[in-house]
Amino acid sequence: MTHAIELLPELLINQIAAGEVVERPASAVKELVENSLDAGATEIGIELVEGGVKRIRVADNGAGIPQAQLALAVARHATSKIRSLDDLERVASMGFRGEALASLGAISRLTLTSRRIDDAHAFRLQVLGGEVGAIEPAALAVGTVVEAEDLFFNTPARRKFLKTEGTEFGHADDAATRIAIAFPGVAVSLTHNGRRIWSHPVQSADVRVMAIMGDEFAGSSVLIDAQQPAFGISGFIALPRYSRAGRDQQYVFVNGRFVRDKLLQHAIREAYADVLHHQRQPAYSLFLSISPDLVDVNVHPAKAEVRFRDSRGVHQFVFHALNKALSQSSANISTPTADPTQYASPRAAGEGWQLTLPASQARWGASSPPGAAAVAGGFARQPAMAGEPDRFYEVLRGATAGEALLQQVSDTGLPPLGYALAQLHGIYVLAQNAAGLVLVDMHAAHERILYEKFKNQVDSGTTASQPLLAPIAFALSQRERTLLDENRALLAGLGFEFGDLSPNEIAIRAVPAMLDRREPRDLLRELVVDLAEHGASRAAEQRRDGVLSTMACHAAVRANRQLAIPEMNALLRQMEDTERSGQCNHGRPTWYQFAMSDLDRLFMRGR
Ligand SMILES: Nc1ncnc2c1ncn2[C@@H]1O[C@H](COP(=O)(O)OP(=O)(O)OP(=O)(O)O)[C@@H](O)[C@H]1O
Ligand SMILES: [Mg+2]
């Protein structure tokens, strides 16, 4: 049956709109806190009961709402924030639609209490399922309190979609946390069922970020700070050694607004492509600032997405800022700034040895020169990590052989990674530098060196082919054959040459000279497996890097190969000259610094 066309009742209109604006308690929290920020609040208290379904209360010390405008505040399409399309196109406030309170009023029991600085007392207005009540006097300090109770009480279909109390609270906590990261100048607290969950005082930006991201992130992250006339980016990104299984620590803000933007995510992912295992997730908190007229925030009902006028420019800018920081953090090790105060004191005995940069000392941001893509010097920021005390003692025993060396080399003459002392169990190289002890995973380090070298050779077109004296027969399946054929140009470019023997056998005639006459059959097998697994899904350049990475791993020095001291020193010198040498191709760390002060603390010397 159909009806004649009629205008919908106001309540129903608002309930339909509310479906887009308020999906669950978390979205209500976001809207209310954003209103508090727009009102200039410096203190915001969020209280939830039963995951926010029973009750959400947001109190702020902002400018308040004049008595005469209380009713308008809960009316649809009523806003104090924009007046024209022009305003919309350069909007700097969080809100601009004039929909949030009207939507909440339509699907909850809403109470709005507010007092301006000149008011003798506060005023209160209630909205019950869209019915706006009378304005009454109330008691409140300057500011605004919004309470929304029994969310979706009159829209049962929507209410059915709510998850458990714990899940809804989790989402609300996330929403509040995102805002807290972006507004360190505002004190924010969160309470659930009467219990204080967290509370942040007014803080500096880096202290707030570290308080939320945690000590481990603080000890493994670098500062990003790059500015251009049109846009700037700042924040912190984790070094690859601190990666995560999930996307839970990925925060991107555009002009203070948390967004899930595919373009920005892609640029960030690309910057990590070379240093992070593809199954791991990077952690970051990044703030993009951009002139409001170069970004459209009005493209998503919950404002979770934005559109950039110059999307290519933004992508490149973000990619380069991060890529530079990630390569410098590991390659730029020429300015040792061994500052023992940057390390936390070791935890109590038995808890394991861990050196991290506590949030309270996360102050490198403030001291770094502006615009210098300020990555702190590699030494101080390469804290010793994991490992039980036992393993550490083992390392130290090997290190005593360095006494003689110490006398030979004056402090000033020491290269950043110092000189090799010994090899440990065929896996680690121990070295002594100005700061103390350096521990290197020789395979991982060599792998990165070769990978970067191979890439440079390919980029500069200086790859060479090494003909084999006797061609090697290589049997392969139909599928592998197809893969090889599809990637023939890529492999030929690197120096591989094949001839046909039969439909399922080829002859390898030449291999890349950079492979240094290694047994090529295993490598080719690995390459084929790798191409089969990822080849089709990758762009040409990524596929090439994948091949180079496999080649580097194949050619890198294997565990248990005894290295002579000069060979170890050569490895250290190459690491110093190689970009991104702090991580292997799979994103694992290649070396750690143990400063003398750390060792002294371990032995409780000087106490
Ligand atoms: N906490 C607050 N303090 C002061 N004024 C407020 C507060 N919350 C709401 N207001 C006023 O009420 C108006 C309506 O708020 P509402 O959230 O519905 O719309 P908006 O913020 O303008 O736009 P949007 O729908 O995009 O959030 C605001 O424009 C503002 O003037
Ligand atoms: Mg609003």
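No value in this document is a laboratory result; all are computed from the given coordinates. Note that the structure is predicted; figures quoted are calculated from it, not measured. Every residue, glycine among them, receives a Cβ derived from its backbone with ideal geometry; neighbour counts consider all protein chains shown.
Structure values in brief
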{"read-out": "3J(HN,Hα) from dihedral phi, segment 570-577, Karplus parametrisation 6.51/-1.76/1.60, rounded to Hz, x for glycine, proline", "value": "4, 4, 4, 5, 5, 4, 4, 8"}
{"read-out": "Given charges at beta-carbon only (K, R positive; D, E negative), |dipole| of segment 1-134 in Debye", "value": "280"}
{"read-out": "Alpha-carbon Rg/Rh ratio, for segment 216-263, with Rh computed the Kirkwood way", "value": "0.99"}
{"read-out": "Local net charge near N585, Cβ-Cβ under 11 Å (Lys/Arg +1, Asp/Glu -1)", "value": "0"}
{"read-out": "Two-site FRET efficiency, A570 against R312, from Cβ-Cβ distance with R₀ of 45 Å, rounded to 0.05", "value": "0.60"}
{"read-out": "Distant-in-sequence amide H partners of L424 (H built 1.01 Å from N, under 5 Å)", "value": "V429, L430"}
{"read-out": "Per-selection Kirkwood Rh - segment 480-607 (Cα, Å, 1 d.p.)", "value": "17.7"}
{"read-out": "Order of R159, R76, R208 under a 10 Å beta carbon neighbour criterion, fewest first", "value": "R159, R76, R208"}
{"read-out": "For segment 125-201, convex hull volume per residue from C-alpha positions, Å³", "value": "138"}
{"read-out": "Global form of segment 95-136, assessed from the alpha-carbon gyration tensor, a/c cut-off 1.5", "value": "oblate"}
{"read-out": "Largest-first principal axis extents of the Cα set of segment 253-305 (Å)", "value": "36, 21, 15"}
{"read-out": "Normalised per residue, the volume of the convex hull around the Cα set of segment 33-99 (Å³)", "value": "107"}
{"read-out": "Potential extension, R479-I5 segment - 0.36 nm per residue separation minus Cα distance", "value": "164.5 nm"}
{"read-out": "Over segment 1-146 - Rg/Rh using Cα atoms and the Kirkwood inverse-distance radius", "value": "0.99"}
{"read-out": "Cα-based equivalent ellipsoid, segment 159-295: semi-axes from gyration tensor eigenvalues, Å", "value": "25, 19, 17"}
{"read-out": "Derived scalar couplings ³J(HN,Hα) [segment 236-245; Karplus, 6.51 cos²θ - 1.76 cosθ + 1.60; whole Hz; x for Gly, Pro]", "value": "9, 10, 6, 5, x, 5, 10, 10, 9, 6"}
{"read-out": "Ordering of 432-441, 503-512 by packing [mean C-beta count within 10 Å, highest first]", "value": "432-441, 503-512"}
{"read-out": "For F161, net neighbour charge (Lys/Arg +1, Asp/Glu -1) across residues whose Cβ lies under 10 Å away", "value": "+4"}
{"read-out": "Rh (Kirkwood; distinct C-alpha pairs) - segment 417-472, Å", "value": "13.9"}
{"read-out": "For segment 410-510, average projected area of the Cα convex hull in nm²", "value": "10.3"}
{"read-out": "Cα-Cα pairs of segment 83-185 separated by more than 15 Å (percent)", "value": "75"}
{"read-out": "Tail beyond 14 Å, pair distance distribution of segment 549-595 (Cα, percent)", "value": "62"}
{"read-out": "Residue-by-residue Karplus 3J(HN,Hα) for segment 309-318, coefficients 6.51, -1.76, 1.60, Hz, glycine and proline x", "value": "5, 10, 5, 5, x, 5, 4, 5, 4, 5"}
{"read-out": "Cα→Cβ-extended label distance, 7 Å offset, between A540 and A302, nm", "value": "4.0"}
{"read-out": "Where a label projected 7 Å from the Cα of Q228 along Cα→Cβ would reach, residues of segment 308-329 with amide N under 14 Å", "value": "308-324"}
{"read-out": "Part-to-part distance (alpha-carbon centres) for segment 212-230 and segment 276-292, which is given in Å", "value": "10"}
{"read-out": "Where labels lie 7 Å past Cα in the beta-carbon direction, separation of E89 and S291 in nm", "value": "1.3"}
